[in-house]
Amino acid sequence: MTIQERRRDLRGRQPVSPRERAASGREARSRVPRSSHAWWEPAPDRRDPVEILLNQAEGRVPELIPIRHGRMVASPLAFYRGAAAIMAADLATTPVSGFRAQLCGDAHLSNFGGFASPERDLVFSVNDFDETLPGPWEWDVKRLAASLAIAGRERGFTPRQRNDVVTGAARQYRTTTLEFAPRSNLDVWYARLDAAAIMRNWRSQASRKAVRAFERNLDKARSKDSMRAFAKLTHQVDGTARIVSDPPLIVPIDELMSEEALQAFERGAVEIVREYRQSLPWDRRQLLDGFSYGDFARKVVGVGSVGTRAWIALLLGRDHGDPLFLQIKEAQESVLAPYAGPSEFRNQGRRVVEGQRLIQASSDIFLGWYHTAGLEGVPRDYYVRQLWDWKFSALIDQMAPSTMRIYGEACAWTLARAHAVSGDRIAVASYLGSGPRFETAIAQFAEAYADQNERDHRAFADAIESGKVPAEHDV
């Protein structure tokens, strides 16, 4: 046996050479041509999209379900944001090359944005991981591409403008993957896209108006932290900070249960914090230990997440002027699981956290998970992160075609980096190649799926109008 044959990685597997990995990518083209990714046509036995959404309502907070539906019916893009389960079933019927990576799982354009790194830089990356799971890398790319086409329609872009936006994003994914393929593992791991890099592109390619709007958005993000949340979300009651009540969007814990039940909950919270604490690195546990309990409330967040249990917790540090707001979200099984396979983690909160730590360029220092029976006595999994920490989202409803193209390219870069650190970047780069076939196919898929999304949105609106689906619009 040669020295090369005796080599093993840290899991005991024999490494595959870069040449062999590249060959597997080229070979995959014969099985799954890049042009095949243009295909979309609903299967004859395609599941009713309305039924999929109604099935998702099972196990969610009943009084919040109409709010979710009201948010989704507002527009085709809003519907698409909440329709990850519908598209997961559809993507499972599309061609895949056979290479897997850790997926975002819901990579639409609103699930990317900026946030503070532990080093207090403003970085740009994926920022929603509720559906993260290993799966075919194409699924993330197609989810992003279709969202860009749908958003472009909502903004009134011409077909040519939409094609330019989507093609630019798919091309960026391909070229970034090609750039990462020959780089070292550590180089790829450390790669990240920060606000300064995006600003350089913005200044060189976007209009002055777009640049000013982006700069204002960045300034607003840097002020969006626990102090800002403290000022906006709390008021003083008998000299003590309490979370404001704004039902049904924000409901303090003492409005959800009796005084006796509240006391039992606060006693049980000690065990919850202890389990969550164990999911943090040792140094973060010491930091968390410096805070004490302040208040707790249910908070409605997002579009697709509405109805799952989401909470905010107010913690206090050195004094009442040193707040920390944590967001606690229920983690259910990923919508990808029926098609990509179950998670290796029993706790779905841990699935979310481990996926985020793997593929996000820089993660929240308080990111962790726990399991609890909760208020209803039903065991559920949760994950925890800071509520606001310089978080900013793109102003999609103000984007011009050139601005959306830059933004789409930034989203595609972050997806390529995420897949490069978690999958076989060499094989995928070889599969994608140096020509435009892949991005041409993805642009065709995006338009075809945007048509499908509009049909599904109309069916959903009709179901609401007929009374089959309950809906109400929140403020």
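The values are calculated or read from the model by the stated rules, or taken from the named source; none is laboratory data. The structure presented is a predicted model; accordingly, all values stated were derived computationally and were not measured. Cβ: placed from backbone, ideal geometry, glycine included. Neighbour counts: every protein chain shown. Remember, those area values only see protein heavy atoms, side chains included, never the ligands or the DNA or RNA. Shrake-Rupley method; radii C 1.70, N 1.55, O 1.52, S 1.80 Å.
Would you check which residues across the stretch 272-307 are surrounded by 14 or more Cβ atoms within 10 Å (Cβ to Cβ) and among the aromatic types (F, W, Y) and list them?
The answer is Y276, F291, F296.
Here is a list of conditions, (1) open to solvent by 30 Å² or more (accessible area, probe 1.4 Å); (2) small (G, A, S); (3) within 24 Å of A416 (Cα to Cα), and A337 meets all of them except one; can you say which number that is?
(1)
Taking the conditions exactly as written (closer than 26 Å to R26 by Cα, more than 20 Å from the chain's Cα centre (by Cα) and either open to solvent by less than 50 Å² (accessible area, probe 1.4 Å) or in contact (Cβ under 8 Å) with a residue 12 or more places away in the chain (or both)), does R437 satisfy them or not?
yes
Got at least one residue in the stretch 136-144 being closer than 27 Å to Y382 by Cβ, open to solvent by 10 Å² or more (accessible area, probe 1.4 Å), touching an Asp or Glu at 6+ places or on another chain (Cβ under 8 Å) and touching a residue at least 12 places away in the same chain (Cβ under 8 Å)?
no
For the condition open to solvent by 20 Å² or more (accessible area, probe 1.4 Å) and touching a Phe, Trp or Tyr at 6+ places or on another chain (Cβ under 6 Å), what is the one hit in Q172, Q161?
Exactly one of Q172, Q161 is open to solvent by 20 Å² or more (accessible area, probe 1.4 Å) and touching a Phe, Trp or Tyr at 6+ places or on another chain (Cβ under 6 Å), namely Q172.
Being within 24 Å of V61 (Cα to Cα), crowded, with 23+ Cβ neighbours inside 10 Å and of a type outside the set (A, V, I, L, M, F, W, C) is the filter here, so list the residues in the stretch 349-363 that pass it.
Initial filter on the stretch 349-363 (within 24 Å of V61 (Cα to Cα)): 349-353.
Subset that is crowded, with 23+ Cβ neighbours inside 10 Å: 349, 351-353.
If the condition is that a residue be within 24 Å of V61 (Cα to Cα), crowded, with 23+ Cβ neighbours inside 10 Å and of a type outside the set (A, V, I, L, M, F, W, C), then G349, R351 are the ones that fit.
Among F366, F345, F325, which is surrounded by fewer than 18 Cβ atoms within 10 Å (Cβ to Cβ) and of a type in the set (F, W, Y)?
Of F366, F345, F325, the one residue that is surrounded by fewer than 18 Cβ atoms within 10 Å (Cβ to Cβ) and of a type in the set (F, W, Y) is F345.
Identify all residues within the stretch 241-289 that are assigned to a loop (DSSP other than H, G, I, E, B), hydroxyl-bearing (S, T, Y) and within 24 Å of V301 (Cα to Cα); write none if there are none.
Matches in the stretch 241-289: S245, S279.
Against the definition (in a helix (DSSP H, G or I), touching a helix residue (DSSP H, G or I) at 6+ places or on another chain (Cβ under 8 Å) and either surrounded by fewer than 18 Cβ atoms within 10 Å (Cβ to Cβ) or not charged (D, E, K, R) (or both)), how does Y431 come out, yes or no?
Yes: the conditions hold for Y431.
Within the stretch 221-232, count every residue that is at pLDDT below 65 and surrounded by 12 or more Cβ atoms within 10 Å (Cβ to Cβ).
The initial filter retains those residues of the stretch 221-232 that are at pLDDT below 65, namely 221-225.
Subset that is surrounded by 12 or more Cβ atoms within 10 Å (Cβ to Cβ): 221-222, 224-225.
Residues in the stretch 221-232 being at pLDDT below 65 and surrounded by 12 or more Cβ atoms within 10 Å (Cβ to Cβ): 4 in total.
For residues that are among the hydrophobic types (A, V, I, L, M, F, W, C) and more than 17 Å from A416 (Cβ to Cβ), tally how many sit in the stretch 138-164. Walk me through how you get there before you give the answer.
Of the stretch 138-164, the ones among the hydrophobic types (A, V, I, L, M, F, W, C) are 139, 141, 144-146, 148-151, 157.
Keeping just the survivors that are more than 17 Å from A416 (Cβ to Cβ) gives 146, 149-151, 157.
Counting residues in the stretch 138-164 that are among the hydrophobic types (A, V, I, L, M, F, W, C) and more than 17 Å from A416 (Cβ to Cβ) gives 5.
Test A420 against the criterion of being surrounded by fewer than 21 Cβ atoms within 10 Å (Cβ to Cβ), touching a residue at least 12 places away in the same chain (Cβ under 8 Å) and more than 17 Å from E154 (Cβ to Cβ), and give yes or no.
no
Taking the stretch 369-396 as the search range and keeping residues that are polar (S, T, N, Q) and open to solvent by less than 40 Å² (accessible area, probe 1.4 Å), which one is modelled with the highest pLDDT?
Ranking the qualifying residues of the stretch 369-396, first place goes to Q386.
In the stretch 279-304, what count of residues is obtained for those that are farther than 30 Å from F79 by Cβ and either without any contact (Cβ under 8 Å) to a residue 60 or more places away in the chain or charged (D, E, K, R) (or both)?
Residues meeting the conditions: 14.
When both residues are 6+ apart or on different chains and their Cβ atoms are under 9 Å apart, which pairs have a first residue that lies in the stretch 455-469 and is in contact (Cβ under 8 Å) with a residue 40 or more places away in the chain and closer than 15 Å to R68 by Cα, and a second that is surrounded by 12 or more Cβ atoms within 10 Å (Cβ to Cβ) and among the basic types (K, R)?
Hits for this filter: zero, empty list.
Working only within the stretch 222-248, note down all residues that are out of contact with any helix residue (DSSP H, G or I) (no Cβ under 8 Å at 6 or more places or on another chain) and among the hydrophobic types (A, V, I, L, M, F, W, C).
Going residue by residue through the stretch 222-248, those that are out of contact with any helix residue (DSSP H, G or I) (no Cβ under 8 Å at 6 or more places or on another chain) are 222-240, 242, 246.
Correct list: M227, A229, F230, A231, L233, V237.
Taking the condition closer than 13 Å to L415 by Cα, out of contact with any Leu (no Cβ under 9 Å at 6 or more places or on another chain) and open to solvent by less than 10 Å² (accessible area, probe 1.4 Å), does F124 pass?
Judged against the criteria, F124 is not a match.
For the stretch 233-271, which positions are polar (S, T, N, Q) and exposed (fewer than 14 other Cβ atoms within 10 Å of the Cβ)?
Result: Q236, T240, S245, S258, Q263.
Taking only the stretch 68-89 into account, find how many residues are over 16 Å from the mean Cα position of the chain (by Cα) and open to solvent by 10 Å² or more (accessible area, probe 1.4 Å).
Residues meeting the conditions: 6.
Among the residues that make up the stretch 457-474, is at least one of them of a type in the set (V, I, T) and farther than 22 Å from N163 by Cβ?
Looking through the stretch 457-474, at least one residue is of a type in the set (V, I, T) and farther than 22 Å from N163 by Cβ.
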